[in-house]
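**Q** Handing you this structure, nothing more for now.
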Amino acid sequence: QVQLVESGGGSVQAGTSLRLSCVASGNTISSRTRAWFRQAPDKEREFLAAVSGSGLSTLYADSVKGRFTISRDNVKNTVYLQMNSLKPEDTAVYYCAARGPGTSSYSYEYDYWGQGTQVTVSP
């Protein structure tokens, strides 16, 4: 069993930065692909970024490429999402997810999910 707990959300102004963290516990977590998704009100869950178990392979959605960076620290069992130049349209609940080997942008391929952390960006 894998448990994921996100933190780092909050209310910020447009143009600023925020870093989200997701701490994991459970078996084989260091070998699992980890990812970030988000869901805004009345919208479908959106893939943002994924990182392989080794950290050597990453995958980004075009909408955040160049602004968001995913990274992981396997000693701390933590994955991060550095978000720069935030925009009001980035307002959403941000979720951490984990799956087996191989990066993927499809939410249905992820087996484990955190409870989410709210990010609100004001103009």
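The values are calculated or read from the model by the stated rules, or taken from the named source; none is laboratory data. All values reported here derive from a predicted model rather than from experimental measurement. Neighbour counts are summed over all protein chains in view; Cβ atoms, including those assigned to glycine, are modelled from backbone coordinates with ideal geometry. Accessible surface areas use protein heavy atoms only, side chains included; no ligands, DNA or RNA. Shrake-Rupley method; radii C 1.70, N 1.55, O 1.52, S 1.80 Å.
**Q** Counting only residues that are open to solvent by 70 Å² or more (accessible area, probe 1.4 Å) and within 10 Å of the chain's Cα centre (by Cα), how many does the stretch 38-59 have?
**A** Qualifying residue count for the region: 0.
**Q** Need pairs with beta-carbon distance below 7 Å; first residue among the basic types (Lys, Arg) and within the stretch 74-92, second open to solvent by less than 30 Å² (accessible area, probe 1.4 Å); sequence gap 6+ or separate chains.
**A** Matching pairs, first to second residue: Lys87/Val121.
**Q** Here's a follow-up. Checking Asp62 against (1) touching a residue at least 12 places away in the same chain (Cβ under 8 Å); (2) open to solvent by 60 Å² or more (accessible area, probe 1.4 Å), which test does it fail?
**A** Of the numbered conditions (1) touching a residue at least 12 places away in the same chain (Cβ under 8 Å); (2) open to solvent by 60 Å² or more (accessible area, probe 1.4 Å), the odd one out for Asp62 is (1).
**Q** Which ranges mark the strands (runs of 3 or more DSSP E) fully within the stretch 2-54 that have 1 or more residues being modelled with pLDDT of 95 or more and among the charged types (D, E, K, R)?
**A** Correct list: 2-7, 18-26, 33-39, 46-51.
**Q** Let me ask something additional. Return only the number of the condition from (1) over 15 Å from Val119 (Cβ atoms); (2) open to solvent by less than 40 Å² (accessible area, probe 1.4 Å); (3) of a type in the set (A, V, I, L, M, F, W, C); (4) in a loop (DSSP other than H, G, I, E, B) that Ala98 does not satisfy.
**A** For Ala98, the failing item is (4).
**Q** Can you find, within the stretch 71-88, the residue that is surrounded by the most Cβ atoms within 10 Å (Cβ to Cβ) among those that are out of contact with any strand residue (DSSP E or B) (no Cβ under 8 Å at 6 or more places or on another chain) and farther than 18 Å from Ala50 by Cβ?
**A** Checked the stretch 71-88; the qualifying residue surrounded by the most Cβ atoms within 10 Å (Cβ to Cβ) is Ser85.
**Q** Oh, and also: Quick check on my filter: what residues within the stretch 101-123 are at pLDDT 95 or above, assigned to a loop (DSSP other than H, G, I, E, B) and in contact with a helix residue (DSSP H, G or I) (Cβ under 9 Å, 6 or more places away or on another chain)?
**A** Pro123
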